[in-house]
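Just so it is clear, none of the values below were taken in a lab; they were calculated from the coordinates. Model, not experiment: these values are computed from the prediction. Backbone-built Cβ (ideal geometry, glycine too); neighbour counts: all protein chains shown.
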Amino acid sequence: MIEKFRDLETERELLGILLFDPDSFARLEWLQDKHFSDPNHRVIYQAIVGLNAECKTPDELAVIDRLKKSGDLEKVGGSYYLTGMTEGVISSATIHQDEIRLIEYWQRREIYTRLGELLPRLETADLQEIKSEVFSVLETIETGIKHRDFRNFMDVASDYLAEYDRRMAGKDNRLKTGFIGLDNLIEGFKPGDLMYLAGATSSGKTAFALGVCYNLIRVGIPVGYVSLEMTGNQIFNRLVLETGKDIIPATSFLANCPLYVDDSGDGNIASILSRANLLIRRYKIRLLVVDHLQLVTGKGESRNQELTAISGSLKRFAIKNQVAVLGLSQLNRKGVDDVPKLEHLRDSGALEQDADYVLLFYRDRNAKELTERNTAYFDLAKNRNGETGLFRLTFLDGIFKNFSDNKH
């Protein structure tokens with residue numbers, strides 16, 4: 001069966017192009033030696049890559065000489081086999097199509113092999129473990145083609161200017177949270193951003209996240225919300241409060257807003273990201289909220305290692321899919337009893353390490369004056385892209401509002 005997922009003719013054609021036109025190597029974007037199904041072809045490609053790495057021209061004679069010195073020439077079929085690859089090659093025009101074809105065949109082989117290994121365990125193994133491994137297989141075949149991490153700085157400059165032009169034209173792709181103090185500090189979420197919001201239990205983390213969601217969905221920006229504590233009905237009720245309208249008009253309005261809620265209760269990180277990938281493909285969500293991290297599960301010998309892996313997965317997900325991710329986190333016991341600091345993030349220092357932004361907040365529930373009890377203090381304790389800083393919001397009737405909106 002797996003023989004169907006090999007294309008030796010295309011492998012030979014691509015190698016022939018590289019030997020015929022060594023400069024065409026620069027046009028390859030993702031190809032690696034593992035993408036060749038024939039072990040001999042992998043050895044030939046490794047020789048070509050090695051010569052390029054040494055800034056030598058990997059033409060036919062140079063590759064033959066390198067294979068001869070390594071003792072591999074006869075193993076791969078001899079010099080006549082390499083010479084035969086270039087016969088009939090007249091241009092390098094098809095090299096990109098050949099590359100894509102070989103990678104797709106490699107992906108099919110990987111899926112066939114890896115899922116075949118799971119089949120004997122399907123009846124008896126834990127379902128969450130199987131789902132996690134399936135997601136791992138799919139993630140592996142996607143990340144397995146992205147090996148070139150270095151970009152020409154001219155390309156980076158071009159992307160930078162394009163983004164600058166969009167902002168100047170009022171077409172900025174940043175997501176404004178609607179909370180002025182925060183937007184002034186971070187200028188809105190950018191694609192690929194990861195923010196952690198940390199606060200004490202029942203302090204209003206969900207209310208803040210839903211406030212951000214509401215400010216986005218009401219202007220038509222799609223958002224995905226993973227709720228591991230609340231049902232969809234409870235979330236809907238919270239958003240009804242955000243509208244400031246009576247139930248009937250609020251329901252009518254929200255029913256047409258692009259918020260997609262996952263209240264399945266399945267907190268396995270692989271399952272969460274698999275479902276989130278579907279949301280991206282179907283609805284083009286631009287923000288994913290995970291509420292909250294302490295209820296998410298993953299792999300690791302300790303909870304610290306587990307959360308480290310979860311955090312890394314969220315950051316890779318944000319970058320790969322160019323969406324923003326907002327994760328809610330609890331504080332450790334000391335952070336609950338004191339003004340929170342970065343070291344009070346619960347379970348893992350990896351949260352601080354992976355995040356582009358860490359936002360800490362607290363409310364003084366023991367304050368004597370009502371106004372003070374209703375004031376929430378926010379500390380942008382980490383900002384990978386700029387300055388940190390403080391701002392305040394008013395928390396009233398389960399809703400966060402800009403502080404200036406509530407002055408009498």
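Numbers at a glance
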read-out	value
Euclidean distance between Cα centres, segment 59-93 to segment 362-379, Å	75 Å
Normalised alpha carbon radius of gyration of segment 173-406 [divisor 2.2 N^0.38 Å]	0.96
Folded to 0 to 90 degrees: helix 127-143 orientation relative to the chain principal axis, Cα	60 degrees
Computed [θ] at 222 nm, helices only, for the chain once each DSSP H run of length n ≥ 4 contributes -39500 (n - 2.57)	-14500 deg cm²/dmol
Exposure proxy order (Cβ contacts within 10 Å, fewest to most) of 316, 365	365, 316
Restraint check, 205/382; 245/315; 131/320, Cα-Cα greater than 25 Å	245/315
Distant-in-sequence amide H partners of residue 198 (H built 1.01 Å from N, under 5 Å)	329, 359, 360, 361
Highest-MSF residue in the chain out of 101, 121, 275 [GNM, Cα springs under 10 Å]	121
Residue order, fewest to most surrounding Cβ atoms within 10 angstrom, among 37, 311, 227, 136	136, 37, 227, 311
3J(HN,Hα) from dihedral phi, segment 224-234, Karplus parametrisation 6.51/-1.76/1.60, rounded to Hz, x for glycine, proline	x, 10, 9, 10, 9, 10, 10, 7, x, 5, 5
Debye log10 I(q)/I(0) at q = 0.28 Å⁻¹ for segment 186-253, Cα point scatterers	-1.49
Ranked by how many other beta carbons lie within 10 Å on average, peptides 123-130, 376-383 from highest	376-383, 123-130
Net charge dipole size for segment 173-406 [Lys, Arg +1 and Asp, Glu -1 on Cβ; Debye, nearest 20]	560 debye
The chain: angle of helix 269-283 to the longest principal axis, Cα-based, in degrees nearest 10	90 degrees
Ratio of the Cα radius of gyration of segment 224-338 to 2.2 N^0.38 Å, where N counts its residues	1.18
Column: log10 I(q)/I(0), Debye, Cα scatterers of the chain, q = 0.10 Å⁻¹	-0.82
Over segment 2-143: Kirkwood hydrodynamic radius from C-alpha pairwise inverse distances, Å	16.6 Å
Cβ charges +1 (Lys, Arg) and -1 (Asp, Glu), total dipole of the chain, debye	1220 debye
Charge dipole of the chain about the Cα centre (unit charges at C-beta), most positive-ward option of 273, 186, 105	186
Model label zone, residue 341; criterion: amide N under 20 Å from point 7 Å along Cα-to-beta-carbon; scope segment 384-402	384, 388-391
Mean Cα-pair separation over length for the chain, i.e. relative contact order, pairs under 8 Å, 6 or more apart, %	15 percent
Which of 96, 344 has the fewest Cβ neighbours within 10 Å, and the rest in rising order	96, 344
Where labels lie 7 Å past Cα in the beta-carbon direction, separation of residue 247 and residue 114 in nm	4.8 nm
